[in-house]
Amino acid sequence: MEQRHLGRTGLRVSRIGLGTLTWGRSEDGPDEAGAAEQLKAFWEAGGTLVDTADVYGGGEAEYLLGRLVGSVVPRRDLVIATKAGSVPDPDRRFDGSRGHLLAALDDSLERLGTDHVDLWQVHAFDPATPLEETLQALDQAVGSGRARYAGVSNFSGWQLAKAATWQLAAPGGRTRLASTQMEYSLLQRGVEREVLPAARDLGVGLLPSSPLGRGVLTGKYRTGTPADSRGASPAMAGFVEPYLDEGAAGIVDAVATAAHGLAVTPLQVALAWVRDRPGVVAPIVGARTSAQLAEALSVEELTLPEEICRALDDVSAPVHRYPDQDWSTL
């Protein structure tokens with residue numbers, strides 16, 4: 001698998017990442033044997049980037065990954081990325097305080113069974129904590145060796161620009177942001193308005209989450225909700241439902257048409273499209289089964305023709321309104 005630099009750093013990662021959102025959740029994700037099979041197949045395909053978070057499965061995703069690293073795949077062959085900052089508190093969903101973040105990192109390292117993570121990301125912006133305090137936690141983590149690189153997740157355009165600029169304001173003394181993880185797919189192109197232009201300008205690599213539109217772009221929901229899909233799961237149905245409207249259906253139909261013409265699958269078309277967008281480093285793919293992961297990994301050999309890309313761009317184009325990016329033509 002091709003390797004790409006993560007932002008303007010020396011860290012190289014595979015251009016497809018393995019996601020673990022549903023690991024450790026018996027009702028929706030793979031069991032330990034299934035996770036081991038996925039991790040081994042990903043590694044054998046040349047994959048290196050494995051993405052997790054301290055809240056995935058209530059910490060069980062990190063525990064599971066920690067049990068597999070070393071026994072299934074050598075630690076040195078993986079780029080382990082985790083996140084901290086989300087908290088199970090209905091009154092405060094995110095905690096970006098230095099104390100919380102650094103304690104959460106220590107807990108993640110214990111669960112993962114490693115002395116460092118390769119990429120540590122703030123899971124979301126915390127408006128109740130001064131941004132410089134949050135960023136100081138990243139500096140301390142990297143300075144102590146517990147994290148090699150740092151990034152953010154779910155930051156808006158202005159939040160990302162402020163954070164990245166703050167880190168660049170004292171070269172050598174602060175850790176530059178390597179990445180931002182955001183949802184990005186043919187069904188969700190909102191990052192193109194402000195986040196992606198900011199990331200590209202500041203040298204921050206984009207790691208798209210849900211690159212398959214929460215599974216909808218695979219076409220599995222075109223004729224209903226399969227009983228074994230996330231859309232039929234009580235825990236995940238609300239996650240999928242927003243992308244089952246009429247507008248999304250038209251985009252899914254276009255992806256299916258392109259796939260038929262290229263003799264590939266809708267999943268492969270949708271994943272190749274987002275993988276090769278400007279500024280994208282590595283889409284994060286989560287799979288329920290090894291067969292689903294194998295289909296995603298097979299996209300390595302696929303490059304979409306320019307005319308197909310233009311057609312998909314047109315059918316999924318977001319509406320840009322003042323004063324969003326490129327408003328001058330309105």
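Is there a residue in segment 27-45 that is at pLDDT 95 or above and assigned to a loop (DSSP other than H, G, I, E, B)? Yes, some residue in segment 27-45 is at pLDDT 95 or above and assigned to a loop (DSSP other than H, G, I, E, B). For segment 1-52, the tally of residues that are closer than 23 Å to Ser233 by Cβ and of a type in the set (Ser, Thr, Tyr) stands at 4. Filtered by the rule that a residue be closer than 19 Å to Thr48 by Cα and acidic (Asp, Glu), segment 264-323 gives Asp276, Glu295, Glu300, Glu301. Pull up segment 232-245, narrow it to residues that are open to solvent by 20 Å² or more (accessible area, probe 1.4 Å) and in a helix (DSSP H, G or I), then point me to the one that is modelled with the lowest pLDDT. Only one residue tops the list, namely Ala232.
Within segment 62-90, restricting attention to residues that are among the hydrophobic types (A, V, I, L, M, F, W, C) and under 15 Å from the mean Cα position of the chain (by Cα), which residue is farthest from Ala103 (Cα to Cα)? Among them, the one singled out is Val79. Tell me, yes or no, whether segment 57-76 has at least one residue that is without any contact (Cβ under 8 Å) to a residue 40 or more places away in the chain, over 18 Å from Val281 (Cα atoms) and of a type in the set (Val, Ile, Thr). The answer is yes; a qualifying residue exists. If you go through segment 65-103 one residue at a time, how many are hydrophobic (A, V, I, L, M, F, W, C) and open to solvent by less than 10 Å² (accessible area, probe 1.4 Å)? So the answer is 8.
In segment 196-218, which residue that is assigned to a helix (DSSP H, G or I) and open to solvent by 10 Å² or more (accessible area, probe 1.4 Å) is nearest to Val13 (Cα to Cα)?
Of segment 196-218, the ones assigned to a helix (DSSP H, G or I) are 196-202, 216-218.
Narrowing further to those that are open to solvent by 10 Å² or more (accessible area, probe 1.4 Å): 196-198, 200-202, 218.
Values: Leu196: 19, Pro197: 21, Ala198: 21, Arg200: 17, Asp201: 20, Leu202: 19, Thr218: 25 Å.
Filtering segment 196-218 for residues that are assigned to a helix (DSSP H, G or I) and open to solvent by 10 Å² or more (accessible area, probe 1.4 Å), the one nearest to Val13 (Cα to Cα) comes out as Arg200.
The values are calculated or read from the model by the stated rules, or taken from the named source; none is laboratory data. Not measured: the values here are computed from a predicted model. No Cβ is skipped: glycine too gets one built from the backbone with ideal geometry, and neighbour counts run over all protein chains shown. Accessible surface is based on the protein model in full, side chains and every heavy atom, while ligands, DNA and RNA are left aside. Shrake-Rupley method; radii C 1.70, N 1.55, O 1.52, S 1.80 Å.
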